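Accompanying notes for the structure given below.
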Amino acid sequence: MSEQVGFVTMAGGKATRPAPEVGVGMLGYAFMGKAHSNAFKKIPYMMYPPVAIPRLIAIAGRTEDAVREAAMRYGYEGYYTDWRQMLADDRIQLFDNGGPNDQHAGPCIAAAQAGKHVICEKPMARSAEEARQMLDAVTKAGVKHSVAFNYRFVPAIRQAYELIHSGALGQIYHFRAVYLQEWITDPNFPLIWRLDKAAAGSGALGDLGAHIIDLARFLVGEPRSVLAQTHTFIDERPLPGGVGRGKVEVDDTFAAMVEFENGAVGTLEASRFCPGRKNHEVIEINGSKGSLSFNLERFNELEVFWKDSSPKETQGFTDVLVSESYHPFWSNWWPHGHIIGWEHTFVHELHHLLDAIVNDKDVAPYGATFEDGYRNAVICDAILQSARAGRRVAIAYAS
C-alpha cells in the first residue's frame, strides 16, 4: 500500500494525513462487478475522511470485448481475460470476486495464496466442503477475508442488531424471514448459470436464502437444526441460444423451520416464483420486550413495537425512519429524511473491509468473514439434506 491522494484520521472533523492506497482487482463485470465498482468510487469522497483510497487496477472476465468495455466504463486502469494473470499483478492488494458461484473457490484460494486480501460474493461456495477449503486457505495465508452479505450494512438492520444485542428486545422468541422475487416465472426463461446446479450449487436457496440465513445468524444466533422442503416448479428450460432444452436441477423455492441454540424458533422461505414481488426481503424478530420488522423494499424504515409502551390505547408498531445523524452510517450521508438506498450497502461494506485491511482490524462481527460463509454453506447443505430425507437435520460445523 502506498501513500497517495486522499486523507484519513479525524482531528476536529478534518482529515489530517494522506490515506493509503489499496489496489483492487475485480473478477466479474456484470451485476455485482457494477455494484462493487460503484461503491469503490464513492468511498473516497463520501466515507470522508476515508480509511483508504481504492485504486481500481484491473478487472477480469472471459469475454475480451465485454471486459474491455467494463474497464473503460468503471474506470479500471486495465483488464485481463485470465484471472490468474490478474492475481500475478503486484499492484493488487485486494481481490474482489463477483464472478459466478463456480468461480468463487479457485480464484479466492489462489488470491489468498498470493497474499491478497479477499472479498467474495455470496453464496461463498456451492457446498460446505468447498467453503471449508476456501476458509482454510485464507486462514493459512493470514489475509483479511469477507463475504459480501451486504444487508448487514443496511442502517436499519444495523440498528436492529444494536437493539437486539443491547438486550432491548429481551429474550428472543422468533425469527422469521422471507425473500421473494418473480424473475423466472416464465417457462421460456432460459437455463442460465443460476439455474445450473454445476455452476450455482443451488437455486433460490443460495441466491436468496443465503442472505436471510446470514441475517438469522447475525441478528439471533446459531441454528441448532432445520426441517425443510424444496421444490422445482419448471424442470426443463430452453438452453441459452435457443437450441434445445435442459433439465433444471436446482430448487425454485424452499421453506425451512429453524431451531436456534438460544431456544428461539424461526422460519425461512425464499422463492423466485412470486409474481409481483421484485426484491421482497422481509424479516421479523419477536422478543419478550418487543418486536422488530424490516422490509428491504422500504429500505430506510424499521418497524418497532415495545410491549410495555404506553398509553395502551395507542400502543402499536411505530414506523421509524432510520435516517438521523446518530443512526448507523448516516454521518456520511445527507440531512435526516433524505433517504439512501440499496447501492449504499456496498459503500459501507467495502469501507469496513478497507478499514480492517489498513488498520489490521477484525472484519467480524459486523462484517461477514469466510467463517460466516462456511457456516452459511453448512446450513444450506443441511436444508437440502433435510428436504431430500424428509426429516430434521442437526447443524454441525467442523472444528
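Read-outs throughout are calculated quantities, based only on the coordinates presented, and are distinct from any laboratory measurement. What you see is a predicted model, and the numbers here were worked out from it, not measured in a lab. Every residue, glycine among them, receives a Cβ derived from its backbone with ideal geometry; neighbour counts consider all protein chains shown.
Work out how much length ILE192 to ASN295 would gain on full extension: take 0.36 nm times their residue separation and subtract the Cα-Cα distance, in nm to one decimal.
Once the chain is fully extended between ILE192 and ASN295, it gains 34.3 nm.
With each label point set 7 Å from Cα along the Cα-Cβ vector, what nm distance links GLN113 and ARG245?
The answer from the label model is 4.3 nm.
Between TRP183 and GLU64, what is the FRET efficiency for a Förster distance of 35 Å, r being their Cβ-Cβ separation, to the nearest 0.05?
After rounding, the FRET efficiency stands at 0.75.
Determine, for GLU121, GLU371, the number of other Cβ atoms within 10 Å of each Cβ, and report the residues in order from fewest to most.
The order, fewest Cβ neighbours first, is GLU371, GLU121.
Could you let me know the centre-to-centre spacing of the stretch 256-290 and the stretch 335-374, using Cα atoms, in angstrom?
Each part reduced to its Cα centre gives a spacing of 23 Å.
Apply 1/(1 + (r/R0)^6) to the Cβ-Cβ distance of GLN85 and SER309, taking R0 = 56 Å, and write down the FRET efficiency to the nearest 0.05.
Once the sixth-power term is evaluated, E becomes 0.40.
Gaussian network model of the chain, Cα springs within a sub-10 Å range: biggest mean-square fluctuation belongs to which of PRO49, PRO365, PRO155?
Of PRO49, PRO365, PRO155, the Gaussian network model singles out PRO365 as fluctuating most.
Please work out which option in [x] 64, 59, 42; [y] 67, 56, 51; [z] 80, 54, 36 gives Cα extents along the principal axes in Å calculated from these coordinates, and answer with its label.
Looking at Cα extents along the principal axes in Å for this model, the match is [x].
For the chain, what is the mean residue ellipticity at 222 nm derived from helices alone (per DSSP H run of n ≥ 4: -39500 (n - 2.57); sum divided by total residues; nearest 500 deg cm²/dmol)?
Per the formula, -9000 deg cm²/dmol.
Which whole-number percent gives the relative contact order of the stretch 3-150, counting Cα pairs below 8 Å spaced six or more residues apart?
Relative CO of the stretch 3-150 lands at 20 percent.
Quick one: length gained pulling TRP342 to TYR366 fully straight, 0.36 nm per residue minus the C-alpha distance?
6.9 nm
Please give the contour-minus-distance gain from SER166 to TYR45: 0.36 nm per residue of separation, less the Cα-Cα distance, rounded to one decimal in nm.
That works out to 40.3 nm of additional length.
List the pair-distance distribution P(r) of the stretch 232-354, using every Cα-Cα distance, as the percent of pairs falling in each 10 Å bin from 0 up to the bin containing the longest distance, rounded to whole percents.
10, 24, 29, 23, 10, 3, 0
Pairs of Cα atoms under 8 Å, at least six residues apart: use those to get the relative contact order of the chain, whole percent.
Reported as a whole number, the value is 18 percent.
Label ARG73 and ALA199 with points 7 Å out from Cα along Cα→Cβ: what is the distance between them in nm?
1.8
Under a 5 Å amide H to amide H cut-off, with H placed in plane at 1.01 Å, what residues pair with VAL22 once short-range neighbours are removed?
Long-range HN contacts for VAL22: ILE53, ARG55.
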